[in-house]
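The values are calculated or read from the model by the stated rules, or taken from the named source; none is laboratory data. Just so it is clear, the model here is predicted, and its values are computed rather than measured. With ideal geometry, Cβ positions are generated from the backbone for all residues, glycine too; neighbour counts draw on all protein chains shown. For accessibility, only protein heavy atoms count, side chains too; no ligands or nucleic acids. Shrake-Rupley method; radii C 1.70, N 1.55, O 1.52, S 1.80 Å.
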Amino acid sequence: MEVNIFLDNLKTSIYGKYTKVFDILESSNTKMITDLNDNINLPEGSVYIALKQTAGKGSYGNSWYSNNNLGLWFSVLLYSPYKKDVLSFLPGIALSKYLREKYNIDAHIKWPNDVLVGYKKISGTLIQSIQKDNKFLSIVGIGVNLFHKVEDFESDIKDKATSLYIETNKKVMLEDFYKEFIKYFEDIYLSKDSLVDLFRVYGKMINKDIKAVKDGKSFKVTVLDITEDGYLIVNNDGIEEIWTSRSSLDIDTVY
Ligand code: BTN
């Protein structure tokens, strides 16, 4: 596909100004990391878009089904001032805001970085970091389900996943969706607004009871808030705890 359609009328000042579009990749994150390690010079805000991914990577070692043209699969390179845990909110906040404002969809961010519509996931973010020439680089990989019908999802995620098409019955143009979304993403990044405050606006978990499985044990806890470092503060049976990591933690989406 022509890279120009992803550049024409792009309203950002940094993000996506250098963009590569690949018909097929294993994973846009992996490709960007390989290129950086091969000393290919990529400016801040570089974007790799994969139209299909044969080995899309999800969080916590999961795979991300994307060997199809049904979504927006891309990675952005950030030289970030944020800590990784807080940075991981940024794409989800931007996408929730974009979907609410442009499509009137009740999208919300589930800690730390899934975007849900109702109880179903429409997007996820995988951030990988590398150190290069004394700089910390974040490769922010984002997947957004756009064109799926229910039957297009693999059976293990059918009940838990949704797409823009399922929510709106509209078929958007991939490049238009991308250009508008990445503008929201950059605006929030440059605004220096507190991502923790925005998480409170675009999340729905605070003051809710959630069911979670942590290290194999089931809990019902109340979410009190998040910390400035982006960790979850919960009340677990009268005791306040801070949950720092999503790994080994499975949070029920119904809350
Ligand atoms: C999650 O498990 O929720 C994270 C999913 C991240 C998927 C995106 S698609 C583009 C980029 N390349 C990958 O291999 N993964 C991310």
Gap in Å between the Cα centre of segment 3-66 and the Cα centre of segment 169-209? 19
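Assuming 1.567 mPa s and 4 °C, estimate D for the chain with Stokes-Einstein, Rh taken as the Kirkwood radius over Cα pairs, in µm²/s. Walk me through the intermediate numbers first.
On the way: Rh = 18.6 Å.
Answer, rounded: 69 µm²/s.
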Given the peptides 109-116, 27-34, arrange them by the average over their residues of other C-beta atoms within 10 Å, most packed first. 109-116, 27-34
Would you mind giving the average projected area, over all directions, of the Cα convex hull of segment 1-105 in nm² with one decimal? 7.8
Using a Cα distance threshold of under 17 Å, what count of lysine pairs results for segment 141-237 when pairs must be 8 or more residues apart or interchain? 10
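Taking a ≥ b ≥ c as the square roots of the eigenvalues of the Cα gyration tensor of segment 162-204, is the shape rounded (a/c under 1.5), prolate (a/b larger than b/c) or oblate?
On the way: a/c = 5.15, a/b = 1.57, b/c = 3.29.
It is oblate, given that a/c is not under 1.5 and a/b is not larger than b/c.
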Using Cα positions and a limit of under 18 Å, work out the aspartates and glutamates in reach of LYS97, with same-chain residues fewer than 8 apart set aside. ASP106, ASP114, GLU167, ASP176, GLU180, GLU186, ASP187, ASP193, ASP197
Residue-normalised accessible area of the chain, expressed per residue, 1.4 Å probe, Å²: 47
So, counting K/R as plus one and D/E as minus one, what does the shell of residues with Cβ under 10 Å around LEU77 add up to? -2
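Based only on Cα atoms, what Rg/Rh ratio does segment 56-143 have, Rh being taken as Kirkwood's radius? Can you show the working numbers first?
Details: Rg = 13.6 Å, Rh = 13.7 Å.
Here Rg/Rh amounts to 0.99.
Counting only protein heavy atoms, what percent of the accessible surface of segment 1-107 is carbon or sulfur at a 1.4 Å probe?
Details: 2240 of 4840 Å².
Whole-percent figure for carbon plus sulfur exposure: 46.
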Less than 12 Å Cβ to Cβ from PHE177, Lys/Arg counted +1 and Asp/Glu -1: what total charge do the surrounding residues give? +2
Scoring the chain by relative contact order with C-alpha pairs under 8 Å, at least six apart, yields a percentage of 16
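Accessible area of segment 132-255 with a 1.4 Å probe: how many percent of it is carbon plus sulfur? All intermediate terms of the calculation are to be shown ahead of the outcome.
On the way: 3050 of 6570 Å².
Here carbon and sulfur together make up 46 percent of the probe-accessible area.
With 17 Å as the cut-off, how large is the P(r) tail for segment 181-255, expressed as percent of Cα-Cα pairs?
Numbers: 1375 of 2775 pairs.
Value for segment 181-255 (Cα pairs over 17 Å): 50 percent.
Please say if segment 130-255 is rounded, prolate or oblate, where rounded means a/c under 1.5 for a ≥ b ≥ c the square roots of the C-alpha gyration tensor eigenvalues, and otherwise the choice is prolate for a/b larger than b/c and oblate otherwise? Let's see the in-between values first.
Details: a/c = 1.84, a/b = 1.22, b/c = 1.51.
Cα axes put segment 130-255 in the oblate bin.
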Rounded to the nearest 0.05, what FRET efficiency do LYS83 and VAL213 have when you use their Cβ-Cβ distance and R0 = 22 Å? 0.25
Would you mind classifying segment 96-199 by shape? Square roots of the alpha carbon gyration tensor eigenvalues, ordered a ≥ b ≥ c; an a/c under 1.5 is rounded, otherwise it is prolate if a/b is larger than b/c and oblate if not. prolate
